[in-house]
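Taking it in order: structure first as structure tokens, then the write-up.
Since every read-out is calculated from the coordinates, none of them should be taken as a lab result. The structure displayed is predicted, hence computed values, not measured ones. All Cβ positions, glycine included, derive from the backbone under ideal geometry; neighbour counts span all protein chains shown.
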Amino acid sequence: MLFNTTVTATDTVLQTDNLSVFYGNFKAVRDVNLNIYKNKITAFIGPSGCGKSTVLRCFNRLNDLIPGAHIEGRITFQETDIYDRRVDPVELRRRIGMVFQRPNPFPKSIYENIAFGARINGYQGDMDELVERAIRQAALWDEVKDKLKQSGLSLSGGQQQRLCIARALAIEPEVILMDEPCSALDPISTLRVEELLMELKEKYTIIIVTHNMQQASRVSDMTAFYNAQATEKGGKMGYLVEYNPTEVIFQSPEQQATQEYVSGRFG
């Protein structure tokens with residue numbers, strides 16, 4: 001199934017309608033309704049166990065890889081239901097890329113880390129040009145241009161994470177999902193990644209899960225605050241408390257629970 005490619009800059013790119021996520025019979029997240037806007041950075045915040053990473057992984061169907069995981073409700077990407085049987089999850093993951101919490105470069109050269117995904121996706125253009133463009137977009141070119149044949153594992157942690165971002169960019173996605181991409185990085189590397197995100201949103205739509213309140217307030221345009229409630233069987237079920245422009249969430253939130261969380265009273 002082809003996705004709609006006629007969206008404008010003000011359109012909703014991703015939308016959830018009463019999204020609930022299950023692992024077997026356990027409801028991990030309930031009734032999430034939100035719109036993700038084009039060329040904006042949206043931050044998911046909240047305490048551990050509130051479902052923010054679970055929701056993030058729904059957007060490119062990574063939860064499909066977990067036995068027993070399924071959703072109720074609807075998620076649309078450019079007006080197409082991504083759980084429709086006619087949607088190819090591989091194509092979806094090309095259009096909606098993912099950067100994980102810990103840098104995970106392939107045990108290959110820096111060059112091949114970038115080229116690998118493009119080849120799998122049938123890229124027919126100039127591979128050297130693609131590799132350089134992706135690495136430049138990830139603000140890494142000046143640091144690695146003379147050692148592209150060296151292993152990606154030889155880079156520092158911060159460089160490895162930017163290499164993983166470049167790898168995601170090389171398959172030319174429209175949306176980039178980031179699950180706590182700075183949690184394993186030092187402050188200087190974190191700042192470099194944050195600066196990079198501000199540049200990338202000119203071309204991409206970005207959703208970032210973060211435990212760092214300062215990071216969310218610095219880089220995001222929209223913020224979704226999730227919380228969790230205890231279930232009868234002793235687990236936790238996440239839910240969306242509030243979704244608003246970031247300045248509203250941090251300066252004048254509509255919900256008391258949001259105010260308590262962003263002011264550090266719990267979480």
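Please label the shape of the range 30-182 as rounded, prolate or oblate, based on the square roots a ≥ b ≥ c of the eigenvalues of the alpha-carbon gyration tensor (a/c under 1.5 means rounded; beyond that, a/b larger than b/c means prolate, else oblate). Because a/c hits 1.5 or more and a/b exceeds b/c, the range 30-182 counts as prolate.
Annotation: extensible slack from Q255 through Y239 equals 4.4 nm (criterion: 0.36 nm per residue apart, minus Cα-Cα distance).
Converting phi to 3J(HN,Hα) with the Karplus coefficients 6.51, -1.76 and 1.60 and the offset θ = phi - 60°, the range 207-222 yields 10, 10, 8, 8, 8, 8, 4, 5, 5, 4, 5, 6, 9, 9, 9, 10 Hz in sequence order, with x at every glycine or proline. Once the Cα atoms are used to define both axes, helix 157-170 deviates from the longest principal axis of the chain by about 90 degrees.
Reducing the range 181-256 and the range 25-71 to their Cα centroids gives an inter-centroid distance of 13 Å.
Using the average count of surrounding beta-carbon atoms within 10 Å as a protection proxy, the listed peptides 37-48, 241-252 rank, highest first, as 37-48, 241-252. Summarising the strand pairing of the chain, around 60 percent of its internal DSSP beta bridges are antiparallel. Each residue of the range 139-156 is assigned a 3J(HN,Hα), and the resulting list reads 6, 10, 4, 4, 8, 10, 4, 9, 9, 5, 8, 6, 5, x, 6, 7, 7, 5 Hz, derived from the Karplus form 6.51 cos²θ - 1.76 cosθ + 1.60 (θ = phi - 60°), x at Gly and Pro.
Compared with the dominant principal axis of the Cα atoms in the chain, helix 110-120 is inclined by about 70°. Working from Cα pairs under 8 Å separated by at least six residues, relative contact order for the range 104-254 is 19 percent. Between 0 and 90 degrees, the angle of helix 187-200 with respect to the longest Cα principal axis of the chain falls at about 90 degrees. Separation of the alpha carbons by more than 20 angstrom is noted, of K108/K145; K52/K203; K145/K201; K27/K236, for K52/K203; K145/K201.
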